[in-house]
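Trainee: One structure follows; several queries about it will come next.
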Amino acid sequence: MQWTPHQNTNVYDGIYDVASTLEDCQAACVNNLGCNGIDYVAGNRPQSRCWLSGTWSGSRNNGTAPGVTHYDYDRTCQPGMLYVMGCATASIVYIEIMLDLSGAMHIVG
């Protein structure tokens, strides 16, 4: 999962979210499977900084929105990484976990 920032850029028709930090705004997007980006305005008052964008959103204003940073969100899985949420993939991977007598877990395959 990767975030790509675009300074002074926003997307029309974002869904408002009460997140007041960039990390919380990104988490709100990750938890919304239709979300593919956020607009974040660090200079706004708390709870007025975060808008989620997705298929419902309108056009993008590249470089014409001073103070707004748009972050594109890439839900593509990275090879070798284990994701619990937020990663869209076309395949399912099965792993086998074994517990030894001490209770320690081992990934078998």
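Trainee: Specify the residue that is modelled with the highest pLDDT; the eligible residues are those in segment 75-104 that are surrounded by 10 or more Cβ atoms within 10 Å (Cβ to Cβ) and not hydroxyl-bearing (Ser, Thr, Tyr).
Mentor: Arg75
Trainee: I would also like to ask the following. I want to confirm something. Restricting to segment 39-74 and keeping residues that are closer than 11 Å to Thr9 by Cβ and among the β-branched types (Val, Ile, Thr), which single residue is surrounded by the most Cβ atoms within 10 Å (Cβ to Cβ)?
Mentor: The selected residue is Val68.
Trainee: Looking only at segment 22-38, how many residues end up being of a type in the set (A, V, I, L, M) and either within 15 Å of Tyr12 (Cβ to Cβ) or in contact with a Lys or Arg (Cβ under 7 Å, 6 or more places away or on another chain) (or both)?
Mentor: Counting residues in segment 22-38 that are of a type in the set (A, V, I, L, M) and either within 15 Å of Tyr12 (Cβ to Cβ) or in contact with a Lys or Arg (Cβ under 7 Å, 6 or more places away or on another chain) (or both) gives 1.
Trainee: Another question, then. What pairs can you find where one residue is in segment 1-30 and without any contact (Cβ under 8 Å) to a residue 24 or more places away in the chain, the other is among the acidic types (Asp, Glu) and surrounded by 13 or more Cβ atoms within 10 Å (Cβ to Cβ), and their Cβ atoms are less than 6 Å apart, with a gap of 6+ or different chains?
Mentor: none
Trainee: Also, quick follow-up: If you check Thr21, Thr4, Thr9, which single one turns out to be under 11 Å from the mean Cα position of the chain (by Cα), among the hydroxyl-bearing types (Ser, Thr, Tyr) and at pLDDT 95 or above?
Mentor: It is Thr4.
The values are calculated or read from the model by the stated rules, or taken from the named source; none is laboratory data. What you see is a predicted model; the values in this text were computed from it and never measured. Cβ sites come from the backbone with ideal geometry, for glycine too, and all protein chains shown count toward neighbours.
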